[in-house]
1. List the residues whose amide H sits under 5 Å from the amide H of THR7, counting only those 5 or more places along or on another chain, with H placed 1.01 Å from N in the peptide plane.
2. Please identify the longest segment of the chain free of exposed chymotrypsin sites (Phe, Trp or Tyr not before Pro), where exposed means a DSSP state other than H, G, I, E or B and no more than 14 other Cβ atoms within 10 Å.
3. How far, in nm, would the chain grow between THR20 and GLU3 when pulled straight, counting 0.36 nm per residue and subtracting the alpha carbon separation?
4. Using a 7 Å offset from the Cα along the Cα-to-Cβ direction at both LEU77 and ILE94, what is the distance between the two label points in nm, to one decimal?
5. Please give the length that would be gained between HIS60 and ARG102 if that part of the chain were fully extended, namely 0.36 nm times their separation in residues minus their C-alpha to C-alpha distance (nm, one decimal).
6. Would you mind estimating how fast the range 31-101 diffuses translationally, via Stokes-Einstein at 20 °C and 1.002 mPa s with the Kirkwood radius over Cα pairs, in µm²/s?
7. Rg and Dmax of the range 1-75, Cα atoms, in Å?
8. For the residues LEU15, LEU77, LEU2, what sequence is obtained by ranking on other C-beta atoms within 10 Å, fewest first?
Amino acid sequence: MLELRPTCENCNRELPPNSTEAMICSFECTFCRTCVEELLENVCPNCGGGFCPRPIRPQHNWRRENFIGKFPATLHLTHQPINTQAHRQFAASIKTITPENR
């Protein structure tokens, strides 16, 4: 079950459960779209993977109680701003490799 983390790990921007600006890697590292595109260059600073839009959990109980009311987002904040210079060096070697081939 996705945690639906509440903020961008880098800039601490709020990313509520229904945000279309939340991006995640396969380990659920969560960043806002702006940080992913403009700073991270689609390279997760934690694992080197790529990002995709975070799914939005349904707000209503359409079926089998699979909705945000039964499975709420986490309240735990993960704010660890990246070292921009170190990330640029790290990302430079792998950003040209498509995420599915990293």
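1. Placed amide hydrogens put LEU15, THR78 under 5 Å from THR7.
2. 63-102
3. 4.6 nm
4. So the label points at LEU77 and ILE94 sit 2.8 nm apart.
5. 11.4 nm
6. The diffusion coefficient I find is 148 µm²/s.
7. Radius of gyration, then largest Cα-Cα span, for the range 1-75: 12.7, 40 Å.
8. Least crowded to most crowded, the residues run LEU77, LEU2, LEU15.
Where a number appears in this text, it was derived from the coordinates with a stated rule and is not lab data. Quantities reported herein were computed from a predicted structural model and do not represent experimental measurements. Please note: Cβ atoms are built from the backbone with ideal geometry, for glycine as well, and neighbour counts cover all protein chains shown.
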